[in-house]
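One structure below.
The values are calculated or read from the model by the stated rules, or taken from the named source; none is laboratory data. What you are looking at is a predicted structure, and each value in this text was computed from that prediction instead of being measured. We place every Cβ from the backbone using ideal geometry, glycine too, and count neighbours over all the protein chains shown.
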Amino acid sequence: MDTLLKSLNPNQLAAVEYTDGPELIIAGAGSGKTRVLTYKIAYLLQKGLAPWSILALTFTNKAAREMKSRIADLVGEERARCLNMGTFHSVFLRILRAEAEAVGLERNFSIYDDSDSRAVVNSIIKELKLDDKQYKASSVLGRIGAAKNSLVTPDVYMSDPHLAERDKVSGMPKVGQIYALYAARCKAANAVDFDDMLLFTYKLFADNPQIAQKYAERFSYVLVDEYQDTNYAQQSILTLLTKERRNICVVGDDAQSIYAFRGANIDNILKFQNIYEGARLFKLEQNYRSTQTIVKAANSVIINNQRQIRKDVYSENGDGEKVRLNITYSDKEEASVVCNEIRRLHNRYGVAYGDIAVLYRTNAQSRLFEEEFRRQDTPYHIYGGMSFYQHKEIKDVIAYFRLVANPNDEEALKRVINYPKRGIGDTTVSKLIAASRDCNVCLWNVVGNPSMYNAGVSAATEKKVVGFYCMMDEFIRDNNTTDAYVLGKAILEKSGLKQELAADKSMEGVERQDNIEEFMSGLHDFVDTKREEGYEDEVYIANFLQEVALLTDSDEENSDDVSSNERVSLMTIHASKGLEFNSVFVVGLEENIFPSPRSSSSLRELEEERRLLYVAITRAEQRCFLSCAKSRYQYGSMMFNEPSRFLKEIDKQYLIVEGNVGGFQSPAQQYSQRPESPLRSSHQSSAPSGFRRISTATSQYRQMSTTPQRTQSDLSAKQTIHVGARVEHQRFGIGSVIAVEGVGENEKATIEFQNAGTKTLLMKFARLTILK
Ligand SMILES: Nc1ncnc2c1ncn2[C@@H]1O[C@H](COP(=O)(O)OP(=O)(O)OP(=O)(O)O)[C@@H](O)[C@H]1O
Ligand SMILES: [Mg+2]
């Protein structure tokens, strides 16, 4: 036991040994909160507490597994095995199974995932004859989920005038009614959804005092990690379980509260002392994870938040390297600089790939990094999420593309024929397929003329099917003459996909829109780059699909061959909570990305963004790299974002700025002309959307040419390109010309770029400036 406790500092030790009542440990990042919890559990076991009487709640199941294995190291496998440990959801699910009858469920109840819930809500919307454009299942479910996390039952919901008013104002006055029906349907189906696991557990304990008593007695000690991110339902259940024995220990850091959007409230830490009068407060301020430089740099950011509990987090580790900020020309260059640096760390300094993380603000940002990592054959995995091209919405658009490129692609056809919904149901599709088998023709032909192939569909249905055929046929005919970006944009709009996505205002819906916008940006970049490289005849959808297929075909290789500790972790900052890495890259530190454009209007949200950056920087042990790009394809167009306002807050003495430092003036004019998001602008029919404003790659160049220092028209006018010239490219950065060939329209230069490799570019299109 002594050796066990020797590896704790006096404050940590005091927190571990305190067992006289409720305990709140507020501590900075990396100060050993999770370690204290782990050791405290080992300590309680050593003191004779039975493992099954300890309940430890973590934020992820992975965190629970790790903690358990550490405890096993400390006290032996056997005792660790019987601990009650896991996320709130996993632990409460087990209790619900055992006590199902008490909440009106049968023990074998099912768990509805998101798509099950959506199907139920959609059918209710239909039955109530509500407009499914006005009532999007995911938006309705978002409200139902929020209600459940606040312990608001359907009855309470429907009698709450504030909720009624809110729903009315947002054009969904019937959410309460849908909620009630949804709850009834789930009950009839003997099913619960994810949020029910909390609501039902609360009801179980609140309505059945004997059961509550049983569990309160069973769990003689309750410990909670990441307490700052618990929501009202979770806290209320904890209170029911612990109010009598008051053996509860929670650890948290208000500076790392990043789940306000899921109902977590930063004040919950402060409320702890109100719920548990006389609770002991411990503070830990020594960070053991990071170098002094990293800790101080992170502190210099978070100090700008007004709402915070003052802490003086420090490190006694060495100073270490300065935080490096790299400003690149483009998002593409950013990805290659980051990948190069990671390879250098690995090859020259022996840092394991598994000890490196790339952190970004939104999932959609993974695309360019995934592509670059694949290009450079660097092992990576997406931690806690999916690869960009695996997202459903991306697969949907790609299915449309596949069908355009190859109308015989039956899988693609089946995927999109009734998505978005156009009244072609499963029965119809089955009939069409049967007809195609019977007549031995491909499904596409049957879709073009169902009655000719005796598909047996009604005239009204036939009209819808043929309507779909005609729409697609138009795209197919344009396929070899219209570039992938312009055609892709038309497909998104005319198929109804754009409207479908834009109508969904839930968190998940917004994320899907982000992904589609990122996809369109990639498509635009693809077309521009092909033109610039002189491949005017390879700018079509078929060419794009080929490139995507090549980029994604090694998926399996990337996930199976190399174990996760030999791969770089790519993840959102949210997913990185509680983790630590030798080297961390925080990317995309630009206005309009980080802070998120959705947050910059409110101080509260801005402070949450700042906490996110604090979480990101404090994941690093030895090295922290920040980066931002001067230009990036965003919302389907080239954007020039300012560096993130948070970068200016980092104390300069801990920072080295490199890359394209000089002359970083965001063209204010273009910045203010930021096109509206192509998807989100759909409701403003009079305002031109980003898609319409910049309709072709060529007009994109025209727009670029308003930036005086960096236009290809400058260059072609001067015609001074020569071997040895140093040039600056809008996307590829700085390079030297190593060969020039051709004249006039056909003039090409081969350029060796510092970070982007060697490229041969057609001068007519090249976005180059010659540097003096
Ligand atoms: N007293 C100590 N001696 C040596 N190492 C320590 C000590 N306390 C903590 N550490 C180490 O410091 C690192 C950070 O600890 P831990 O993850 O517990 O911090 P945390 O406060 O939970 O961080 P976060 O805020 O990111 O969740 C871990 O690698 C841990 O093993
Ligand atoms: Mg922790």
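The table below lists the values:
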read-out	value
Some residue of the range 336-352 being among the aromatic types (Phe, Trp, Tyr) and closer than 30 Å to SER257 by Cα	no
Failed criterion for THR60 (all others in (1) touching a residue at least 60 places away in the same chain (Cβ under 8 Å); (2) in contact with a strand residue (DSSP E or B) (Cβ under 6 Å, 6 or more places away or on another chain) hold)	(2)
Every residue from the range 610-643 that is hydroxyl-bearing (Ser, Thr, Tyr), modelled with pLDDT of 95 or more and away from ligand 1 (no atom under 16 Å from the Cβ)	SER627
Output for the range 188-236, where each listed residue is in a strand (DSSP E or B) and within 16 Å of ligand 2 (Cβ to nearest atom)	LEU223, VAL224
LEU181 surrounded by 15 or more Cβ atoms within 10 Å (Cβ to Cβ), assigned to a helix (DSSP H, G or I) and assigned by the TED database to the domain that holds PHE261	no
Residue check for ARG70: under 37 Å from the mean Cα position of the chain (by Cα), within 13 Å of ligand 1 (Cβ to nearest atom) and at pLDDT below 95	yes
Residues (in a helix (DSSP H, G or I), under 16 Å from TYR314 (Cβ atoms) and either polar (S, T, N, Q) or within 7 Å of ligand 1 (Cβ to nearest atom) (or both)) located in the range 1-41	ASN11, GLN12, LYS33
For LEU570: the one exception among (1) closer than 24 Å to VAL397 by Cβ; (2) out of contact with any helix residue (DSSP H, G or I) (no Cβ under 7 Å at 6 or more places or on another chain); (3) modelled with pLDDT of 90 or more	(2)
Selected residue (criterion: farthest from TYR18 (Cα to Cα)) from residues of the range 28-52 that are buried (at least 18 other Cβ atoms within 10 Å of the Cβ) and more than 15 Å from ligand 2 (Cβ to nearest atom)	PRO51
ALA455 within 37 Å of the chain's Cα centre (by Cα) and either closer than 23 Å to LYS133 by Cβ or hydrophobic (A, V, I, L, M, F, W, C) (or both)	no
Any hit, the range 221-236, residues being surrounded by fewer than 17 Cβ atoms within 10 Å (Cβ to Cβ) and touching a residue at least 60 places away in the same chain (Cβ under 8 Å)	no
In the range 336-392, the residues that are of a type in the set (A, V, I, L, M) and more than 17 Å from ARG567 (Cβ to Cβ)	VAL337, ALA364, LEU368
Residue count for the range 300-334, restricted to those that are out of contact with any strand residue (DSSP E or B) (no Cβ under 9 Å at 6 or more places or on another chain) and within 29 Å of ARG375 (Cβ to Cβ)	0
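Yes or no, residue by residue, for (1) hydrophobic (A, V, I, L, M, F, W, C); (2) more than 21 Å from PHE272 (Cα to Cα); (3) at pLDDT 95 or above:
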| residue | (1), (2), (3) |
| --- | --- |
| ASN149 | no, no, no |
| PRO154 | no, yes, yes |
| ALA184 | yes, yes, no |
| ALA212 | yes, no, yes |
| SER220 | no, no, no |
| ASP225 | no, no, yes |
| ARG245 | no, no, no |
